Amino acid sequence: MKVCVVGSGYVGLVTGACLADFGMRVVGVDKDAAKVETLRRGEIPIYEPGLKTLVAKNADEGRLSFTTELGPAIEDSRAVFIAVGTPPRPDGSADLTFIREVATQIGRHLNGFKVVVTKSTVPTGTGRMVEELIREAAREAGHPVQDFAVVSNPEFLREGSAIEDFMNPDRVVIGSRDPRAIEVMLDLYAPLKNADVPFVVTGVETAELIKYASNGFLATKISFINEIAALCEALGADVEVVARGMGLDNRIGPKFLQTGPGFGGSCFPKDTRAVAQIARDLGLELRIIEAVLAVHEATQRRMVEKVDAAFGGLEGKTVALLGLAFKPNTDDMRDSPVIPIARGMLARGARIRAFDPAAMDEARSDLPELTYCASAYEAAEGADGVVIATEWNQFRSLEWGELRRTLRAPLVVDLRNLYDPQRMAA
Ligand code: NAD
């Protein structure tokens, strides 16, 4: 089947490469000409383990190509995936400008039955909006308007393990009532169906909400454990053990109970704010989600206070900051909690020498005041202490003897609980 994936970012590129690997003929479209050029040269514009190899293999075997020309790509495809960004507007709601642009183009180039699949995370009702925009543009262009079906197929992949998550998902959600569209989707995902991955086939609106509700719940777990962490500190209890004791309960589960500086990345912050705004627009209040957001912001402030206290006041101090991305194995700096924490430290008069294995180029525009270093050891040179902010594996096994010699003081503030405090002290 010929497939077009619009948007070659984290989700579009992974979706395109994986569908090509399933045997589809995929053309990836992006309006960013420089990105398309990079991809055509066989380079990958983002850091995502395994993606370069998968893209190269499928491009070499003739199943994956890239273009900036959306019209011909739509005309040539049976299924059109929309995987463009849906960034937050100032009030937290999702900006659907890119989705609208693509929907209109699809209508203009409707030359036969097509399944239009929304992979981007979008508010409930977007499917209907996409349908109307396509119908309107098709009518204006004189195409038969019945020749398409809109499907919501939200994506649950995590950056850093995106290919594994796409190839081996916990579930596939397909939102459509159109039997032809469902058949096309089941064909596209046949390798997953054959591997007994559960499929949830439902209406468009329900599918759209499954994504927001899932991210809202995961963010809730993170804010919950961060609030319990503050309680543990006040009580002298060990939050790591509390989380383990909780997580062994099958009804709770161990994941997303790691305490730290809070959630980040391109999804949880934006999606929790968006779902809260969707409810507000309807005159409803999602009280748990509102609290999750408030705890999230309080957690970031608490991290700055902890660092300030540990350094005996940050004024005039130099901090070696290890980790900038919101999690390891990604260069994505969107909504990284390290940004407000670093800004908080700078506001208190600190200088920051930073190192991140992948995210430094991305970080520079958000945090131009930092001194970017080539390694953790270089960052520690002459610093008054270390702050570990992202749980990259390479930060789990640093030569602390060597760091101790370059640091002005043996001070480590471990915001990710990578180390046992007693072993670190030893
Ligand atoms: P991204 O910003 O990395 O990529 C989006 C791409 O779309 C960009 O390359 C941009 O140039 C391109 N684009 C925008 N308008 C276009 C147009 N009219 N024509 C062609 N290309 C266009 O975004 P992303 O992280 O891949 O996220 C995409 C969507 O998927 C968002 O809705 C996001 O919430 C959702 N999502 C993201 C993740 C994640 O981990 N990043 C996971 C699940 C869902």
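Worth pointing out:
- Unique residue being on the phi > 0 side of the Ramachandran plot and either over 20 Å from the mean Cα position of the chain (by Cα) or more than 15 Å from the ligand (Cβ to nearest atom) (or both) when the list is 7, 42, 71: 42
- Just one of the listed residues (89, 78) is touching a residue at least 24 places away in the same chain (Cβ under 8 Å), in the same structural domain as residue 21 (by TED's automatic domain parsing) and among the basic types (Lys, Arg), and it is 78.
- For the range 198-221, the set of residues classified as open to solvent by less than 30 Å² (accessible area, probe 1.4 Å), touching an Asp or Glu at 6+ places or on another chain (Cβ under 8 Å) and within 17 Å of residue 169 (Cβ to Cβ) consists of 211, 215, listed by residue number.
- Checking 26, 14 one by one, the residue that is out of contact with any Pro (no Cβ under 7 Å at 6 or more places or on another chain), within 14 Å of the ligand (Cβ to nearest atom) and in contact (Cβ under 8 Å) with a residue 12 or more places away in the chain is 14 and no other.
- When the range 247-272 is filtered for residues that are within 11 Å of the ligand (Cβ to nearest atom) and not in a loop (DSSP other than H, G, I, E, B), the ones remaining, listed by number, are 268, 269, 270, 271.
- For residue 164: the one exception among (1) crowded, with 17+ Cβ neighbours inside 10 Å; (2) within 16 Å of the ligand (Cβ to nearest atom); (3) under 20 Å from residue 11 (Cα atoms): (1)
- The range 173-184 - residue that is assigned to a helix (DSSP H, G or I) and open to solvent by less than 60 Å² (accessible area, probe 1.4 Å) and, of those, nearest to residue 3 (Cα to Cα): 184
- All positions within the range 185-213 that are assigned to a helix (DSSP H, G or I) and among the charged types (D, E, K, R): 187, 193, 205, 208, 211
- Just one of the listed residues (310, 320) is aliphatic (A, V, I, L, M), open to solvent by 20 Å² or more (accessible area, probe 1.4 Å) and farther than 20 Å from residue 215 by Cα, namely 310.
This table checks each residue for (1) outside any helix (DSSP H, G or I); (2) in contact with a Phe, Trp or Tyr (Cβ under 9 Å, 6 or more places away or on another chain); (3) of a type in the set (D, E, K, R); (4) open to solvent by less than 50 Å² (accessible area, probe 1.4 Å).
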residue: 394; (1), (2), (3), (4): no, no, no, no
residue: 398; (1), (2), (3), (4): yes, yes, no, yes
residue: 401; (1), (2), (3), (4): no, no, no, yes
residue: 409; (1), (2), (3), (4): yes, yes, no, yes
residue: 418; (1), (2), (3), (4): yes, yes, no, yes
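- Of the residues 361, 414, 366, the single one that is under 28 Å from residue 239 (Cα atoms) and not aliphatic (A, V, I, L, M) is 414.
- Any hit, the range 351-367, residues being within 19 Å of residue 87 (Cα to Cα), open to solvent by 10 Å² or more (accessible area, probe 1.4 Å) and hydroxyl-bearing (Ser, Thr, Tyr): yes
- Test result for residue 187, of a type outside the set (A, V, I, L, M, F, W, C), under 18 Å from residue 154 (Cα atoms), away from the ligand (no atom under 16 Å from the Cβ) and open to solvent by 30 Å² or more (accessible area, probe 1.4 Å): yes
- Qualifying residue in the range 108-125 (condition: within 20 Å of the chain's Cα centre (by Cα) and open to solvent by 40 Å² or more (accessible area, probe 1.4 Å)): yes
- Search result, residues across the range 234-288 that are open to solvent by 60 Å² or more (accessible area, probe 1.4 Å), in contact with a helix residue (DSSP H, G or I) (Cβ under 8 Å, 6 or more places away or on another chain) and farther than 28 Å from residue 323 by Cβ: 285, 286, 288
The values are calculated or read from the model by the stated rules, or taken from the named source; none is laboratory data. For clarity, every value in this text was computed on a predicted model and none was experimentally measured. Cβ: placed from backbone, ideal geometry, glycine included. Neighbour counts: every protein chain shown. Please note that ligands, DNA and RNA were not included when accessible areas were found on the heavy atoms of the full protein model with its side chains. Shrake-Rupley method; radii C 1.70, N 1.55, O 1.52, S 1.80 Å.
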